[in-house]
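First up is the structure itself, then whatever we jot down about it.
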Amino acid sequence: MSRWTDAPRERTHALGLVFPPAGDHYTGMQLDFIGAIAETAQAYGYDVLLTTGSKAGDHPFQRLLAGRLVDGVILMEIQLDDDRADLLSELGIPYVLIGRARVEKTSWVNLDFAALGRDCVRHLADLGHRTIAFVNRSEHLFRSGYQSAHLGQEGFVRGVTELGLTGRTYLCDDDAAAGEACLERILLEDPATTAVVTMNEAGLGGLYRGLKRAGRAVPRDFSVVGVVAGPWAERVTPQLTAADMPAAEMSRVGVELMMERLKAPDAPPRHVLLRPLICTRDSTGPCKPVPGPDS
């Protein structure tokens with residue numbers, strides 16, 4: 001595949017959005033991103049072509065580039081070592097990341113997942129919780145180097161270590177059934193667990209179901225805090241205390257960064273790191289110690 005800069009080409013006024021689904025389908029949060037990106041791009045007079053592809057060699061990604069159908073590419077679901085970004089750099093294709101790779105070659109917008117993981121731990125510690133579990137994304141995403149899963153877990157581990165707490169980490173597929181099974185495993189492995197930090201919004205309903213089945217009322221007996229989009233945090237009962245992922249803002253900034261790259265491709269890349277505050281809702285409360293077997 002030749003470099004795009006080797007020959008002049010007319011603008012298509014279209015952007016490629018490379019956004020592989022988290023599993024077999026897009027999650028609600030992913031759909032929020034897609035809608036917000038399309039809406040923002042339309043305000044600039046651009047259409048959006050959505051395609052999948054988590055690796056540079058994946059056919060949908062290759063087809064998008066070979067057809068030269070777009071003026072630039074927005075990459076999502078970023079891996080720490082992302083060969084899609086490497087290929088776009090090699091071909092001279094303007095691109096930006098919603099997320100953050102290990103090697104920073106272009107503009108990006110991202111959440112400070114490591115800091116948010118620590119913030120969630122501190123919120124629970126302030127309420128007296130001493131034994132906390134972390135529910136991450138799927139094993140497949142984690143082992144592929146999915147950056148938010150790694151950074152969030154690093155922040156959680158740092159938080160419990162700094163505060164002298166007991167913490168365990170769990171990988172969980174992106175669906176309710178997996179969330180329920182994960183919660184069952186958490187309580188089986190350490191019944192003294194009184195709180196969960198989650199970055200898996202698709203599994204959230206299952207976590208709640210598992211707690212109800214175990215007889216743990218939220219937040220009276222068990223607290224849950226997470227990093228999810230605000231509308232999804234408000235759809236569960238009780239509503240989730242969370243660092244609300246600003247999907248609309250991240251999407252808007254991502255498209256703005258793309259417009260900047262198209263207008264001034266030789267300008268230094270710009271990096272935007274967001275750290276939303278935890279919005280206290282109804283799913284966290286003071287720690288209620290779990291009765292021991294002889295109580």
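At-a-glance table
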item: Answer from A114, A101 - the residue that is in contact (Cβ under 8 Å) with a residue 12 or more places away in the chain and either under 18 Å from R270 (Cβ atoms) or hydroxyl-bearing (S, T, Y) (or both); result: A101
item: Which numbered condition A202 misses (of (1) of a type in the set (A, V, I, L, M); (2) outside the structural domain of V96 (by TED's automatic domain parsing); (3) more than 14 Å from the chain's Cα centre (by Cα); (4) surrounded by 20 or more Cβ atoms within 10 Å (Cβ to Cβ)); result: (3)
item: Selection count where residues are over 16 Å from R137 (Cβ atoms) and touching a Leu at 6+ places or on another chain (Cβ under 7 Å), scope segment 194-232; result: 9
item: Matching option when the condition is over 30 Å from E104 (Cα atoms) and in contact with a His (Cβ under 6 Å, 6 or more places away or on another chain), among T241, T194, T280; result: T194
item: Residues of segment 187-199 satisfying the condition of being surrounded by fewer than 21 Cβ atoms within 10 Å (Cβ to Cβ) and either in contact (Cβ under 8 Å) with a residue 24 or more places away in the chain or of a type outside the set (A, V, I, L, M) (or both); result: L187, E189, D190, P191, A192
item: Segment 134-180: number of residues that are touching a Phe, Trp or Tyr at 6+ places or on another chain (Cβ under 6 Å) and closer than 19 Å to P191 by Cα; result: 4
item: Selected residue (only one of A149, A177, A114, A125 is touching a helix residue (DSSP H, G or I) at 6+ places or on another chain (Cβ under 9 Å), surrounded by fewer than 18 Cβ atoms within 10 Å (Cβ to Cβ), assigned to a helix (DSSP H, G or I) and small (G, A, S)); result: A177
item: Some residue of segment 225-235 being over 19 Å from S148 (Cα atoms) and buried (at least 23 other Cβ atoms within 10 Å of the Cβ); result: no
item: Residue ID - farthest from K263 (Cα to Cα), chosen from residues in segment 128-142 that are buried (at least 21 other Cβ atoms within 10 Å of the Cβ) and not aliphatic (A, V, I, L, M); result: H129
item: Among (1) over 16 Å from the mean Cα position of the chain (by Cα); (2) at positive phi; (3) not β-branched (V, I, T), the one test that G145 misses; result: (1)
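The values are calculated or read from the model by the stated rules, or taken from the named source; none is laboratory data. Nothing here was measured: the structure is a model prediction, and the numbers come from that model. Cβ: placed from backbone, ideal geometry, glycine included. Neighbour counts: every protein chain shown.
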